[in-house]
Amino acid sequence: MLYSIGLLYLSASTFSLICATQLVFNAIFAFFINSQKFTVLIMNSVVVLTLSASLVGLNNDSDAPSGVSKWNYFLGFASTIGASALYSLLLSLTQLWFQKVLKKETFSVVLEIQIFASLVATCVSVVGLFASGEWKTLEGEMDGFGKGRVAYVMTLVGAAIAWQVCSVGVVGLIFVVSSLFSNVIGTLSLALTPIAAVIVFQDAMNDIKVIALLLSLWGFSTYIYQNYLDDLKVKVMQTEVNEASNHSSY
């Protein structure tokens, strides 16, 4: 809902720039809530990916909706900042829940979380749809859709499936790696989206999009390399422990 208010009162560029701050919020929450250890490579990844997402926002030159008052602009700004912070907090709390409460190492836990969360969200959305009376306008929306009713329904179904896959991926990355890594992947997608638009919709490619893509790949690569170093360190420690136990058995 907060994101929707932001989209209503802010330009797409301003909205994208503010959303890019969610990675910074997540880094702060991960440090205090999840005891995330920050190295030079991780800090580099956070800064570079945030900059990359910001460039994508600056590249969008759309104007703010006409007739937006200063109060509404502030409301949109505050709502988007709040949404970014709350989303980052949610990711960190999900990781904490995995670590401290569930303590189960099965992927079924990820699916259970997504199923229950989606069930609650669906119930709330349905209640809101009928309580507000917007269900009466659905037929008009279908008729007004440029590609027809079937395309309207298929668009909704496709969007719903895509978001479910995305949500499972987000929670799964938190389960397997960390909330910060999950947000890194999400921020990476902000820079890759314009590239997909170039391929699918033949959008124009410019210098800013290329720079944003290169920055996102750089930031993502440094984070992956840090994970590789961490895994290598764990393997070395495990090998040393095994060797020590073998020597003690003789």
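Brief remarks on what is shown
- Rounded to the nearest 10 degrees, the angle from helix 207-249 to the longest Cα principal axis of the chain is 30 degrees.
- The chain: equivalent-ellipsoid semi-axes (sqrt of 5 x gyration tensor eigenvalues, Cα, Å): 38, 24, 18
- Order by protection proxy (mean Cβ within 10 Å, highest first), peptides 145-153, 40-48: 40-48, 145-153
- Relative contact order, whole percent, for the chain stands at 32, derived from Cα pairs under 8 Å and 6 or more residues apart.
- Global form of region 1-56, assessed from the alpha-carbon gyration tensor, a/c cut-off 1.5: oblate
- Taking a straight line from the alpha carbon of Lys235, these lysines sit under 25 Å away, with near neighbours fewer than eight places off in the same chain left out: Lys37, Lys100, Lys103, Lys104.
- Structure-based [θ]222 nm, the chain - -39500 (n - 2.57) summed over DSSP H runs of at least 4, per residue, nearest 500: -28000 deg cm²/dmol
- Taking the C-alpha atoms only, the angle from helix 22-33 to the longest principal axis of the chain is near 40 degrees.
- By the rule of a C-alpha distance below 29 Å, with chain neighbours fewer than 8 residues away ignored, the lysines paired with Lys147 are Lys136.
- Acute angle (nearest 10 degrees) that the helix 149-176 long axis makes with the longest principal axis of the chain, alpha-carbon atoms: 20 degrees
Any read-out appearing in this document is the output of simple, stated calculations on the displayed coordinates, not a laboratory observation. Bear in mind that the values here come from a model prediction, so they are computed numbers and not experimental data. For neighbour counting, all protein chains shown are included, and Cβ atoms are generated from backbone atoms with ideal geometry for every residue, glycine included.
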